[in-house]
Each structure stands twice: as structure tokens, then as C-alpha cells.
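Notes follow the structure.
The values are calculated or read from the model by the stated rules, or taken from the named source; none is laboratory data. Bear in mind that the values here come from a model prediction, so they are computed numbers and not experimental data. Please note: Cβ atoms are built from the backbone with ideal geometry, for glycine as well, and neighbour counts cover all protein chains shown. These accessible areas exclude ligands, DNA and RNA; they are computed on the full protein's heavy atoms, side chains included. Shrake-Rupley method; radii C 1.70, N 1.55, O 1.52, S 1.80 Å.
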Amino acid sequence: MKSSFFWLTCFYLIFETGILCDRKLEKRQTIFSCPGVTEYGCASGQCIDVSNTCNGVRDCSDGSDETLLLCEMVVCPRYSFKCKYGACISNKNTCDGIEQCADGSDEEKCSNSTLISTFTSSIPKKTDTAKPKPITVLSHIKKTCTLPAIEGTKYFYKDWNQNVSLSHAAEIEQYRIVEEDCEAGYHKVVPYRFMVCSESGQWRPFVTEELCLKMCPPMKSDSLDFKCTLEDKYISCLTPLPGTILYQTCKVTHRLISVHEQVPIQLRCLENATWSDDDLYTCIPTCGLLYTPSDVLNYGEVEYLTVPWSIGLYRQIKSRDGFYELICGGTLIAPNKVITAAQCYWEEGYTNKILMNGNNKYKIAVGKYTSDISIRDNNFTQIIDVAFVYLKESYYGPSGYFADDLAIIVLQTQVTISDVVMPVCIDWSKKYSVPNGSIGKVIGWGKTENMETSSVLLEANVSYTDKNTCRDMYSNGFQSLVTIDKFCADSQLGRSITEGFIGSGLTFEHGTLQFLTGIASVMDPYTNDLVAVFTDVSHHIQWIGERLL
């Protein structure tokens, strides 16, 4: 009740008489409380309308509605006069021979030569010393306000912790604070707007500008990247207003189906909130295509050309210039971007989440089969320097249970793309789901079936398990590592997923393409590394996309 009274008093006085927004108002209220949210409880036990407080007229029989304690924090509008105790009256009513302030301060310091305002010039001067008391005309008919019926705008008011929706053209009682919002498909011009039904039956403040502007349909695509400008400034293509110009290009993992389509096509968002054209490029994937070699190798070994997105991450060995050791696996997601686990680069105490590659400390290798970076396995092997590394800002290593274990490597030069070196596909629109038991593929330099470190690339086929099912499998504390952005996978045919797989990508086939689903993060030592925890790529899809721009 007290909270409601405070806000109603605050907003009423803003738009009708003055401004009263004192956080200590509670302490100045009388002990008696009234049932109505627009009523003030006098000390005498009366209930009066809140609008009749601090207006110069003693409506409470004991005058408790016109006291210094209640009114001292009122800020009067510039066209009004502030009484000594804080109430606000009209400037016209000062020095007119009639006390309008409860303490008579509006008739103090008045010179005999002061001209009476034209508003009161027709009233004869009183010859006696007695001054008549003001006459208050009370109206028992309270006016209401009608909600505007504006397309795309919706209204509500707050009732404690919930929003109560209001329909267009509804009649609203006085002093009700109504907030405005926009329907789906409309852009909100300002982040917050409200209005109050005033005593006169008018909305305050009176605003004529539209709050909600109809937008063109948002542009999203699995094969296209979009950029949008409005008045020569870049804006989101998810909220295109009329006048927006849209530019389109194939994603880095796609190419135009025909060279004849390379003519630039720009679309414009028209005034009727439709696009000027629906002519979008047709782009076909250059991602996620496994390569089938002619030679079959030993059991479990991977021909270096079969998984074109597999990457080896290398770090310079201390005190041995020019010598590099394999530290993790990675996955090519664009010609100059590789995704891996944050733990491959993170160290305790790191505060900067962008790691620069000083002194060429880090390199990557694509088209590798053996783990030794000095061996050039084939004509497609490419060794490239790292420019810098984005670490997920919320990654804190073991103390954070390896949550958000994700990093994106930016290369100094682009990888040469071919049938045997290409990015993996990413499900940007989260179109595909992976049911429990689905079989996927993870590639890395792990351990052989004899638990010896492998010098050649290995493949493990694993079965998907969602995070909740995986957590339920454990009671030894390992479940704490299955954080909200994780899922599990257990190895088929006894192939261990050891530390050599950390940072490597787990893919699942959708249609004819391989899509990146997870990044190897943590292994369960109690299952001989047959179960691993992966960072779920779909949980971080926005973060990944922002760093590919």
C-alpha cells in the first residue's frame, strides 16, 4: 500500500501540481492507511484524494495534509508559488488578499503599491482585517483516460511483480501508470515509455511521436551473410526499418552456384515494410564434405585427406627456437578461423581474453597426418602462424569446472581451400537436433588401443548423450564438470578419447554434410577415457558468429 502511494504521489505531482519523489515519503505518512490506492490517510482517520495533499487547502480536519513534514520535498512548477511549508499554488493567487497557502505565506511581503493581477482586479479590496477562508469545490465525478488504438503498440501496467495487459480503447482510471511496448515485428524507438492518466482525463506526458515502427522481415540464412545500413550506419539485419539497405554475400563455408550470380544485389526495406526484391544469392556448401581416399590404412588410423577440417595446434618449445610441440586439436570453421578449447591457451591468472601471438609462439597445421610439424605429409599440408586468439570471456579453467571452454584462433593468412582442405559446417540456425545414441566422429592425436601415444591421426566413433542423462550417470563428483554448455559422448569399439583429443571437433552427419556439434573438453578417467565431455557449439553460436565477421 505504501509503495503504491509513493509512486502515485510522485507521478501525479509531476504532471499536475509539482514533483514529489522523496524516498523517505514513507516516514512522513500518517499511521492510518486508507483502502484506495489513490487515497491519503489523515492523522484524524479521514481518507482524502492524494491529489488534495500539499495544495494549500486543509482537507484533513487536523490539517495533516498540509504540513512541513509531508510537503517539504515538493518541487513546484515554475508557473506556481511555493508556500513556506512546501505546498504549491498558482502564481495568480499570491498577494490577492486571500490566503491560498495554509500558513498564509502567499500573502506575506506584499507591498501596498503592488498591482493586483488582472485575474483578481475585479474583486474589491477588503476594508476589514478578517480574511475569508478559501472555498474548495470538490468534484465527485472522476474522469478516465482512453487508451490509444495504435497499430503495433501494446499496453500494460505493473501489479506487484507481474504485468497486466490492457486492450486498445480501454478506459483507464485516474493516476494509473501505463507502460508501452511493441508487438513482434515492430521496432521500439526508445527503450522505455510510460504515461499517466491525469485528473483532467488526459494522458501525461502528451507524446505524439510513434513508439513502434513496422520492420521488414528479418533476414537469416544458413548459406548467406547479411550486412545492413540505415542512413550510412550499420544496423542489425534482424531489425530492419524502412530505408534499410541490405547487402548479401555467401558464407565463408559456401560459394555461388554460378559465376553469373556474382553481380551485386542490394535489397531495400520499403516504406510499407516489405523488401524491394526477394532475389537472394544461391550459395552451395563448401564445408563438411568428407574426402574418400583410394587407400585404406590400418584399423583406427585416418587417411590425412579424409577429414579436411582437422587442425593441429602447436606451441614453441621453451629454450628451443624453431621447435614446436603439438598441444591440442582444432577444427577449421573459415579460411582464417579455427575453433578449439580455451584450455589449450589459457593459463591461471589470465585477465586479457584476447591472446596475442608474440614471437610467433603459436602455429597451426592443416592437412597433417603425423603429429610432427617438421614432416610435410603431402602437397596440401599448410603451416600457418597464429595472429591472435579469442578466449571465451567467462572461461576460468578448473575453478570454473571448464564451463565455456571455447576459443577461436585467427590466422595471419588464409588457408588455401580445396577438396581435401575445407571448413566444417556449422548449424547457425540450430535447425538440427542430435538424439541420444546418435553416432558421431571425432579426430585427434590420441592413444592407440595399446594406450600408447599415437604419432598419427586417429578417429573415434562416439555415441551422443545429453547433459542431463550424462549427469545422472555419475555420483562421484564428475557430474559437476557436465556444466550447462556441455554434453557427453562415449566411445564405441573401445577407442579411448584421451587428452590428445582435447580441442578437437566432434561432428554429426545431417544430409550429406558433417556439422560441428562439440569441442572435446574433459575426459572421465574412471572409464579408461571411454567417456568424454564436449562443449556444445549450439550453446555458443552467437559468440562464434560474432567472431567470424
Practice task
Could you check the simple spin-label distance between residue 91 and residue 348, using points 7 Å along Cα→Cβ, in nm with one decimal?
Solution key: 7.1 nm
Exercise for the section: Report residue 543's accessible area, 1.4 Å probe, all protein chains in place, as a number in Å² to the nearest 10. Expected result: 20 Å²
Problem - Cα-based Rg / Dmax (Å) for the range 316-372 - result: 12.6, 35
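Can you figure out the FRET efficiency of residue 526 with residue 413, using R₀ = 56 Å and their beta-carbon distance, to the nearest 0.05?
Values: r = 43 Å, r/R0 = 0.77.
Rounded to the nearest 0.05, the efficiency is 0.85.
How far, in nm, would the chain grow between residue 547 and residue 157 when pulled straight, counting 0.36 nm per residue and subtracting the alpha carbon separation? Write down the numbers at each step before the final one.
Working: separation 390, 0.36 × 390 = 140.40 nm, distance 3.98 nm.
This chain segment gains 136.4 nm when fully extended.
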Handout entry: Computed lengthening from residue 170 to residue 111, 0.36 nm per intervening residue step minus Cα-Cα distance
Key = 16.0 nm
Completion exercise
Ranking 321, 232, 96, 65 from most to least accessible area with a 1.4 Å probe gives 232, 321, 96, 65
Exercise for the section: Can you pull the one-decimal nm distance between simple spin-label points at residue 356 and residue 472, each 7 Å off the Cα toward Cβ? Expected result: 5.1 nm
Fill in the blank from the handout: Taking the range 333-443, the equivalent ellipsoid from its C-alpha gyration tensor has semi-axes in Å, biggest first, of 24, 23, 13
Exercise for the section: Report the charge-dipole magnitude of the range 395-549 in Debye, nearest 20, computed about the Cα centre from +1 at each Lys and Arg Cβ and -1 at each Asp and Glu Cβ. Expected result: 220 debye
Practice task
Just grab the label-to-label distance for residue 278 and residue 461, each label 7 Å out from Cα along the Cβ direction, in nm (one decimal).
Solution key: 4.3 nm
Fill in the blank from the handout: With every protein chain kept in place and a 1.4 Å probe, the residues 491, 538 fall, from largest accessible area down, as 538, 491
Fill in the blank from the handout: For the range 532-549, Karplus-derived ³J(HN,Hα) couplings (6.51, -1.76, 1.60; θ = phi - 60°; whole Hz; x for glycine and proline) come out as 10, 9, 10, 6, 6, 4, 5, 5, 10, 4, 5, 4, 5, x, 5, 8, 9, 6
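Can you work out the FRET efficiency for the pair residue 431 and residue 265, with r the C-beta to C-beta distance and R0 = 25 Å, to the nearest 0.05? Before the final figure, lay out each step's value.
On the way: r = 25 Å, r/R0 = 0.98.
Computed FRET efficiency for residue 431 and residue 265 comes out at 0.55.
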Handout entry: For the range 455-549, alpha-carbon Rg relative to the globular expectation (2.2 N^0.38 Å, N residues)
Key = 1.10
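Ordering 39, 271 by accessible area with a probe of 1.4 Å, largest first, what comes out?
Details: 39 55, 271 160 Å².
Descending order: 271, 39.
Over 29 Å between C-alpha atoms is what I'm after, so list which of 318/368; 188/353; 227/486 land there.
Values: 318/368 23 Å; 188/353 33 Å; 227/486 32 Å.
Over 29 Å Cα-Cα: 188/353; 227/486.
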Fill in the blank from the handout: Rounded to the nearest 0.05, FRET efficiency between residue 393 and residue 143 (Cβ-Cβ, R0 56 Å) equals 0.55
